[in-house]
Amino acid sequence: MRVLVTGGAGFIGSHLCERLVREGHDVLCLDNFFTGNKRNILPLLGNPRFELIRHDITEPILLEVDRIYNLACPASPIHYQYNPVKTIKTSVMGTINMLGLAKRVRARILQASTSEVYGDPHVHPQTEEYWGNVNPIGIRSCYDEGKRVAETLMMDYHRQNGVDIRIIRIFNTYGPRMAENDGRVVSNFIVQALRGEDLTVYGEGNQTRSFCYVDDLVEGMIRMMECDGFVGPVNLGNPSETTILEFARTILELTGSKSTIIFKPLPADDPKQRRPDISLAREKLGWSPRVDVTTGLQRSIEYFAEVVGSS
Ligand SMILES: NC(=O)c1ccc[n+]([C@@H]2O[C@H](COP(=O)([O-])OP(=O)(O)OC[C@H]3O[C@@H](n4cnc5c(N)ncnc54)[C@H](O)[C@@H]3O)[C@@H](O)[C@H]2O)c1
């Protein structure tokens, strides 16, 4: 098949492109390189099955494809708050453009949505039926509400125009090729440990998080794309929880770092816990994460060691 991956030079997108090329598909990787990086797709550049297109999805484009994975959108607060108007344009106008393309060439389209559509949830763990608790006017709204509108657009193009859609809600994902400067806890801790700097834990560190290794996520994405008769939305994430403090200690142990853990006051809106309910993914896709946190972290540490070593 000819598969378009928007945001294909980003963290998750580059792993998806790699996997699709390995499976024998012709992959068109489209990216505006806002947070994406050519280094992420370097191993694919000489491959005849791989093509790179520098393009911004807020502008229309016509391509002959069978599948569209719509991942283009900055994902970490530092990046999506850099230009909030552009962020929401990417989710709204970008998704309209990709849905228009899907409609025209009769491609199946999968939208990468997020656990952030649940906002500051009143329901734990979050199931797909929960409608969320999102602030429409806050500094995170450009991302959260943008993704909610993207889901609405997907459903409306599906109901009104019969476009073949899939929606996944991705929870925290980590692995090699995460941007080292994106301010997220996994990359922060690993980079701090490798540089011998203090690891910053907010509060007492007993807040929990659940992290999914990128290979597991990619498997879930492909299963959802190729699943017949189920459009979603479906949660994809790892339901096993770790406290932040435990997580920091594991990273110190795996890196062999002499860094110490320091504590800073908890930010006002820091969620106590976030954990996906993945019953629907298990039932419909036969999917659940396989990579344990130690293995996933070891692979990530190897990657960051190279990045930190060369910077
Ligand atoms: N990483 C996570 O934990 C996570 C969690 C939930 C949802 N997601 C979603 O998954 C997708 C990929 O996230 P990621 O972590 O790989 O982030 P990323 O920032 O590494 O990747 C996003 C890619 O999209 C590109 N992009 C941004 N705006 C664009 C535009 N207007 N036109 C074309 N390309 C554009 C960027 O250059 C980048 O390559 C995003 O849609 C994100 O919202 C990720």
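Observations
- Contact map, the range 113-136: first residue free of Cβ contacts under 8 Å to residues at least 12 places away in the same chain, second residue part of a helix (DSSP H, G or I), Cβ cut-off under 6 Å, separation 6 or more or different chains; pairs are PRO136/GLU145.
- Residue in the range 274-293 that is in contact (Cβ under 8 Å) with a residue 60 or more places away in the chain and under 14 Å from PHE189 (Cβ atoms) present: yes
- GLU128 vs. criteria at pLDDT 95 or above, in a loop (DSSP other than H, G, I, E, B) and open to solvent by less than 40 Å² (accessible area, probe 1.4 Å): yes
- Condition met for PHE11 (surrounded by 24 or more Cβ atoms within 10 Å (Cβ to Cβ), among the aromatic types (Phe, Trp, Tyr) and at pLDDT 95 or above): yes
- Test: residue in the range 80-97 that is more than 19 Å from ASN32 (Cα to Cα), more than 9 Å from the ligand (Cβ to nearest atom) and touching a residue at least 12 places away in the same chain (Cβ under 8 Å): no
- VAL163 out of contact with any His (no Cβ under 6 Å at 6 or more places or on another chain), farther than 28 Å from ALA281 by Cα and β-branched (Val, Ile, Thr): no
- Residue that is more than 23 Å from ARG166 (Cα to Cα), open to solvent by 40 Å² or more (accessible area, probe 1.4 Å) and within 12 Å of the ligand (Cβ to nearest atom), where the choices are PRO77, PRO48: PRO77
- Of all residues in the range 135-162, those satisfying the criterion of being closer than 20 Å to ILE78 by Cβ, within 16 Å of the ligand (Cβ to nearest atom) and open to solvent by less than 50 Å² (accessible area, probe 1.4 Å) are SER141, CYS142, TYR143, ASP144, GLU145, GLY146, LYS147.
- Residue count for the range 177-205 satisfying the condition of being within 16 Å of the ligand (Cβ to nearest atom), open to solvent by less than 20 Å² (accessible area, probe 1.4 Å) and assigned to a loop (DSSP other than H, G, I, E, B): 2.
- ARG223 meets each of the listed conditions (1) over 18 Å from PRO267 (Cα atoms); (2) modelled with pLDDT under 95; (3) open to solvent by 50 Å² or more (accessible area, probe 1.4 Å) apart from (2).
- Residue check, ARG290 surrounded by 14 or more Cβ atoms within 10 Å (Cβ to Cβ) and of a type in the set (Lys, Arg): no
- For the range 9-36, filtering for residues that are more than 7 Å from the ligand (Cβ to nearest atom) and not charged (D, E, K, R) leaves 11.
- Scan the range 28-45 for residues that are over 27 Å from PRO77 (Cβ atoms) and open to solvent by 50 Å² or more (accessible area, probe 1.4 Å) and the total you get is 3.
- Scanning the range 14-27 for residues that are surrounded by fewer than 24 Cβ atoms within 10 Å (Cβ to Cβ) and of a type outside the set (Asp, Glu) yields a count of 6.
- Check on GLU116, within 15 Å of the ligand (Cβ to nearest atom) and either surrounded by 15 or more Cβ atoms within 10 Å (Cβ to Cβ) or under 19 Å from SER279 (Cα atoms) (or both): yes
The values are calculated or read from the model by the stated rules, or taken from the named source; none is laboratory data. Please read these numbers as outputs of a predicted model, since none were measured by experiment. Don't worry about glycine lacking a Cβ; one is built from the backbone with ideal geometry, like all the others, and counts go over all protein chains shown. Areas reflect the complete protein model, heavy atoms only, side chains present, ligands, DNA and RNA absent. Shrake-Rupley method; radii C 1.70, N 1.55, O 1.52, S 1.80 Å.
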